[in-house]
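The values are calculated or read from the model by the stated rules, or taken from the named source; none is laboratory data. What you see is a predicted model, and the numbers here were worked out from it, not measured in a lab. FYI the Cβ positions are ideal-geometry reconstructions off the backbone, even for glycines, and counts take in every protein chain you see. Just the protein is used for accessible areas: all its heavy atoms, side chains included, with ligands, DNA and RNA removed. Shrake-Rupley method; radii C 1.70, N 1.55, O 1.52, S 1.80 Å.
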Amino acid sequence: MESRTKQLARLMANEALSSETYWRPYAETLLKALTTNPKRVLKISLDGSTLGRGCMGLMASAVYAGRSLPIG
C-alpha cells in the first residue's frame, strides 16, 4: 500500500498534469451533448463540505443519468 501512496504522490506532484487537463475533455463533451439536445435537461448540483480550520469547499457538478462530473 505504501508504494501506491508514493506513486499517487508523484503523480499529483507532476506539474504537467492538472485537474483541468484531465477533466476538461470530458466536461466539454458532456456539456455540449446536454446543451445541444433540447430533450436533455442540464442539472447543476452544488455541494458544500467543511474542510478544515473553519474553511468551506463548494463543488459545482453537471449531473446526468445519475452521475456527476465536477465542473467548478
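Are there any strands (runs of 3 or more DSSP E) wholly within region 22-72 with 1 or more residues that are over 12 Å from the mean Cα position of the chain (by Cα), at pLDDT below 85 and farther than 21 Å from Met12 by Cα, and if so which?
56-64
Could you give me the residue pairs with C-beta distances under 6 Å whose first residue belongs to region 43-60 and is closer than 12 Å to Ile71 by Cα and of a type in the set (S, T, N, Q), whose second residue is open to solvent by less than 90 Å² (accessible area, probe 1.4 Å) and assigned to a strand (DSSP E or B) wherever it lies, and which are 6+ apart or on separate chains?
From region 43-60, the pairs are Ser45/Ser61; Ser45/Val63; Ser45/Ser68.
Can you tell me which residues in region 2-39 are open to solvent by 90 Å² or more (accessible area, probe 1.4 Å), of a type outside the set (Ser, Thr, Tyr) and closer than 16 Å to Leu69 by Cα?
Glu20, Trp23, Arg24, Glu28, Lys32
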